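Presented below is the structure to which this report refers.
No value in this document is a laboratory result; all are computed from the given coordinates. On a predicted model such as this, the values are computed, not experimentally measured, just so you know. Here the Cβ positions follow ideal geometry from the backbone for every residue, glycine too, while neighbour counts run over all protein chains shown.
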Amino acid sequence: MTTDILEMRGITKTFPGVKALANVNLSVARGEVHAICGENGAGKSTLMKVLSGVYPHGTYDGDIVFENETVEFRDLTDSEAKGIVIIHQELALSPYLSIAENIFLNNEQKGRGGLIDWNKTNFEASKLLARVGLRENPTTKIMDIGVGKQQLVEIAKALSKEVKLLILDEPTAALNDEDSDHLLDLILHLKGQGITSIIISHKLNEIKKVADSVTVIRDGKTIETIAKNDVTEDRIIKDMVGRDLEHRYPDHTPHIGEELLRVEDWSAHHPQDTSRVMVDKVNLNVRAGEIVGIAGLMGAGRTEFAMSLFGQSYGSKISGRVFLRGKEIKTRTVAEAIEHGIAYATEDRKTYGLNLIEDIKRNISMASLKKLEKFGLVHDNEEYRVANEYRTSMNIKAPNVLVKTGKLSGGNQQKVVLSKWIYADPDVLILDEPTRGIDVGAKYEIYSIINRLAAAGKGIIVISSELPELLGISDRVYALSEGRITGELPIADATPEAMLKLMTMEKPR
Amino acid sequence: MSNPTPTQTPTGPTGESNAVGGNINPSDNRFTQWLSHILADLGKNGIFIALIAVVVLFAILTDGILLRPQNISNLIVQNGYILVLAIGMVMVIIAGHIDLSVGSVAAFVGACSGVFAVQWGLPWWLSVILSLAIGALVGVWQGFWIAYVGIPAFIVTLAGMLIFRGLALVVLGNANIGSFPAEYRALGNGFLTDLFGEFEIDPLTLGVGAIAIIALIVQQVRTRRGRQKYGQEVEPMAWFITKLVLVSAAIGFFAYSLASYKGIPVTLIILAVLILVYGIVMNRTVFGRHIYAIGGNRHAAELSGIKTRRVDFWLFVNMGTLAALAGLIFTARLNLAGPKAGDGFELEAISAAFIGGAAVQGGVGTIGGAIIGGLIIGVLNNGMSIMGIGIEWQQAVKGLVLLLAVAFDVYNKRRAGGQ
């Protein structure tokens, strides 16, 4: 008999080509708040998905012991039956249903004859709402309340399932300070009622406030578990970063020229919630031949910045000025941005980057068909020749350019996206997570391509969640936090520790 | 550490990328190479094979009546308006939309043309131009709601189906309009021989057929040479020639049939021009390529600088114009603008596009496929009518064919995709 409510032993989870978790151990004591820290992609969410049965027993190695009993969950319903409830980053609520309906979704309060008893549903819901301190009518629709309150509804829903272990995946990422504070207080309050919580977060101040112990995960491995009294920011950061930066990046000697792009006071608001500032007066510049990195944690506004700049593809109430070679330009539409020599390769290749049912050739030409036009017709043999040239020079592994891009591996898909933009011949290329979901070998190739582009005098902006990668390839880095540039460092001064400090720096209030 | 040279990446298996292209078919076994090309072509042109199968089937079932010259001519004339609609429809479907209103628009425009040509007595050509302009305006109306307001095409054109059916009745004022001028009627049932006098076997038609065959051969040979020049793989010469001979023979038979009846129907000329022009638009123009890009992945298209709204808008203007043309041909053929005109055209046009290989999700489809799909429906209609099968069974069979065609397509893709 131990005091631990949960013990995960030797958890190993592999995806095709990637080892997401390698022999991870995690012990959570009964009645504590246990924080899990780690960089983006370290394996935190994967571990929680293993625990909650999203990845069913048999798809991973290792044992899960919950309340002194080895458990083998087949799905979420199994884990919820035992009292383990996970609240995901993206809330799983139906916006058009009421609070009460959401709380009892798939757990409906039935009365006589198996019909739903609405009085009971709403009464029980209001009791739960009182427990989480949310003063709302249970018949209010989810879409009519803010994100902070929605988060509380999720917790109320968890309570309705008689939760013993509550898992919160970055619960405050989308909340303002007031809502965050309320949520953290609630977690402590629930702890008082004997509910154990696991909270995934990289906000260090928040961890210090609520956590009784902290486990740091890096590269799919547990580094250490730190007790509350020993928790310091420096120690956590060191644990999170501490990997050796060997020769995983091709050498690159920058030949930096004149300034290509300068952005001044660039701001953008959330597209729906127009009062929320997502990008806050960003100033940055890129010079010819320079690789500039933008670092930031999840939700820092990196993609939002890039997409709002690229033809206002994201956001509302966008303001600020853009200069290309010192001349002010407008980038109101994507076509306009491309015309002025800006290209943006998205972080989500499959949804936003490629036409997966078309071949390599047509994907490469997609942004530059005008170039291939002769007497009003697309010169298709020329198109073939161009595509084939890129297939060779970018080492796209496919028998020919008539292969559909949906059949290529992630690395080769990314090379097609890059080919598309290189063929469009921009001055400045913004690459958003250029190596996400790509195996190590292909990553090296992508880095080499980026270096080649810089050597050819292009200005490159790289956005990446992987700090080592960013520091490995950039000449200069900006840190972004809560939509603001919190610092700019030449690569020589950009230690992981310094960067993480900037990336977690909060707005002065 | 040495700087990796840009062209050769150290981690990639460098030899591999070059090797793959060349070694699919070792050329030592020419028969298997032949066979693989034939099979690949059959897979690609499954719809064409289906058309041949349906023709052969009904040729047998109708004791050859199906292939009599008069019937072949009728097949074209009777289905002309559906084929015109199918061209616009497949473009709309490739972009990921649908248009349910084309039947009503055809009826509405037909009614308007009746007012112009019969009631107002305008010259036939002016009536035609005005009618097409009205079709374009209808397209502007629907395109506006779809492209710029963002209402799904299904809803907008469902509304359009009601709106323009209603307006057709308003224009007609509860009566049929009939007795169109002869030039107008020629759109639907005129023949080119009418202009040149009668022969036993029309030499003009044979001549056009011969020109078509020569044009086809020249075009095919040039494409093949162009591809070879740019180092693309081409099919074996023997198979290339075999295919050309087969297709030429089909064209020859078709031309001979028409020639021994009344010659070339005006509808066929309109169709041939449309197929040629729109085939080029879809394959070789920036506009056409943008349509495919939008249908394949709208987000990616937008983020590649494609003006998706503008493309959507013009697609519907185009569809409205083609629906107007179909309405004119139909009205001309019946010599009557009536309230029931165009009933169910939208469903036949949509069926044609889907039987012809268009994908429900968009991004896939061809003009040629839609035409062949339309012809399959036409042959089914025609063949079953000759056999004396009632309209009720014709409906049921057509529905079944649509379902099976798409199911076969889905099955094929799943097998080919592997995932």
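Where nothing but the Cβ of Lys and Arg (+1) and of Asp and Glu (-1) is charged, how large is the charge dipole of region A:4-241 around its Cα centre, in debye to the nearest 20? All intermediate terms of the calculation are to be shown ahead of the outcome.
Working: 28 positive and 36 negative charges, 63 e Å.
Charge dipole of region A:4-241: 300 debye, to the nearest 20.
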field: Packing-based order for A:195-208, A:487-500, using average beta carbon neighbours within 10 Å, highest first
entry: A:195-208, A:487-500
- line: Among B:Ala215, B:Tyr261, B:Phe240, the residue whose Cα sits farthest towards the positive end of the charge dipole of region B:191-262 (+1 at Cβ of Lys and Arg, -1 at Cβ of Asp and Glu, taken about the Cα centre) is B:Phe240
query: Cα-based Rg (one decimal) and Dmax (whole number) for region A:4-241, in Å?
result: 18.0, 60
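How large, in Å, is chain B by the Kirkwood hydrodynamic radius built from its alpha-carbon pairs? Before the final figure, lay out the partial values.
Details: mean 1/r = 0.0426 Å⁻¹.
Evaluated over chain B, this radius sits at 23.5 Å.
Would you mind calculating the gained length between A:Thr12 and A:Thr392 on full extension (0.36 nm times residue separation, minus the Cα-Cα distance), in nm to one decimal?
On the way: separation 380, 0.36 × 380 = 136.80 nm, distance 3.78 nm.
Gain on extension, A:Thr12 to A:Thr392, equals 133.0 nm.
Averaged over its residues, how many other protein chain Cβ atoms are within 10 Å of peptide B:291-299's Cβ atoms?
Details: counts 0, 5, 8, 1, 3, 11, 12, 2, 9.
Average per residue, whole number: 6.
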Ordering of B:329-341, B:220-232 by packing [mean C-beta count within 10 Å, highest first]: B:329-341, B:220-232
- request: Would you please classify the overall shape of the protein assembly as shown from the alpha carbon gyration tensor, given that a ≥ b ≥ c denote the square roots of the eigenvalues, rounded means a/c under 1.5, and beyond that prolate means a/b larger than b/c while oblate covers the rest?
  value: prolate
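Quickly estimate the mean residue ellipticity at 222 nm for chain B, helices only: each DSSP H run with n ≥ 4 gives -39500 (n - 2.57), and the total goes over all residues, rounded to 500.
Numbers: 17 runs with 296 residues, N = 419.
That calculation yields -24000 deg cm²/dmol at 222 nm.
Among rounded, prolate and oblate, which fits region B:302-409 when a ≥ b ≥ c are the square roots of the eigenvalues of its C-alpha gyration tensor, a/c under 1.5 means rounded, and a/b larger than b/c means prolate? If you can, show how the numbers build up before the last one.
Details: a/c = 2.89, a/b = 1.35, b/c = 2.14.
The shape class here is oblate.
Over region A:4-241, calculate the relative contact order: mean separation of alpha carbon pairs under 8 Å at least 6 apart, over the residue count, as a percent. Before the final figure, lay out the partial values.
Details: 450 pairs, mean separation 66.1, N = 238.
Normalised by residue count, the contact order of region A:4-241 is 28 percent.
Can you pull the mean other chain C-beta count within 10 Å for peptide A:305-316?
Numbers: counts 0, 0, 1, 0, 0, 2, 3, 0, 3, 0, 0, 0.
Shielding by partners across A:305-316 averages 1.
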Positive dipole terminus of region A:84-165, leading residue within A:Pro95, A:Met143, A:Ala125 (C-beta point charges): A:Ala125
statement: One finds, for A:Ala456 and A:Lys281 with R0 = 30 angstrom and r their Cβ-Cβ distance, a FRET efficiency to the nearest 0.05 of 0.40
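If I take R0 = 56 Å and measure r between the Cβ atoms of B:Ile129 and B:Ile389 in this structure, what FRET efficiency does the formula 1/(1 + (r/R0)^6) give, to the nearest 0.05?
Values: r = 41 Å, r/R0 = 0.73.
After rounding to 0.05, the efficiency reads 0.85.
Mind checking the mean number of beta-carbon atoms from other chains within 10 Å of the Cβ atoms in A:362-374?
4
Per DSSP H run of at least 4 residues, take -39500 (n - 2.57); add these up for chain A, divide by its residues and hand me the 222 nm value, nearest 500 deg cm²/dmol.
Working: 16 runs with 158 residues, N = 509.
Helices in chain A give a 222 nm mean residue ellipticity of -9000 deg cm²/dmol.
For B:Phe48 and B:Asn283, compute 0.36 nm times the residue count separating them, minus their Cα-Cα distance, and round to one decimal in nm.
Values: separation 235, 0.36 × 235 = 84.60 nm, distance 1.89 nm.
Residue separation times 0.36 nm, minus the Cα-Cα distance, leaves 82.7 nm.
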statement: For the B:Ile251, B:Arg224 Cβ pair and Förster radius 25 Å, calculated FRET efficiency rounded to 0.05 is 0.85
query: If each of B:Val397 and A:Glu506 carries a label point 7 Å out from its Cα toward its Cβ, how far apart are those two points in nm?
result: 7.5
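So which trypsin sites (Lys or Arg not before Pro) in region A:121-150 pass both tests, a DSSP loop state and at most 13 other Cβ atoms within 10 Å of the Cβ? Spell out each step's value before the answer.
Working: sites: A:Lys127, A:Arg131, A:Arg135, A:Lys141, A:Lys149; in loops: A:Arg135.
Counting only loop positions with at most 13 other Cβ atoms within 10 Å, the trypsin sites (Lys or Arg not before Pro) in region A:121-150 are A:Arg135.
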field: Tail weight of P(r) past 26 Å, computed on alpha-carbon pairs of region A:358-506, percent
entry: 35
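Charges at C-beta only: +1 for Lys and Arg, -1 for Asp and Glu. How large is the resulting dipole of the protein assembly as shown about its Cα centre, in Debye rounded to 20?
Working: 88 positive and 92 negative charges, 377 e Å.
Computed charge dipole of the protein assembly as shown: roughly 1800 debye.
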Cα-based equivalent ellipsoid of region A:187-233: semi-axis lengths in Å, sorted from largest, via gyration tensor: 20, 12, 10
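Please work out whether region B:43-173 counts as rounded, prolate or oblate from its C-alpha gyration tensor, where a ≥ b ≥ c are the square roots of the eigenvalues and a/c under 1.5 means rounded, while otherwise a/b larger than b/c means prolate and anything else oblate?
Numbers: a/c = 2.77, a/b = 1.40, b/c = 1.97.
It is oblate, given that a/c is not under 1.5 and a/b is not larger than b/c.
Quick check for me: using +1 on Lys/Arg Cβ and -1 on Asp/Glu Cβ, what's the dipole size of chain B about its Cα centre, in debye to the nearest 20?
Working: 24 positive and 19 negative charges, 164 e Å.
With Lys and Arg at +1 and Asp and Glu at -1, about 780 debye.
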statement: Highest mean packing first, using Cβ neighbours within 10 angstrom, the peptides A:357-369, A:311-323 sort as A:357-369, A:311-323
Over region B:191-262: Kirkwood hydrodynamic radius from C-alpha pairwise inverse distances, Å: 13.8
message: Among B:Gly338, B:Leu328, B:Phe313, which residue has its Cα furthest toward the positive end of the charge dipole of region B:306-350, with +1 on Lys/Arg Cβ and -1 on Asp/Glu Cβ?
response: B:Phe313
message: Which of A:Ser213, B:Ser113 has the fewest other C-beta atoms within 10 Å, and how do the rest follow up to the most?
response: A:Ser213, B:Ser113
statement: Simple SL model, points at 7 angstrom along Cα→Cβ for A:Ala335 and A:Lys350; separation in nm is 3.1
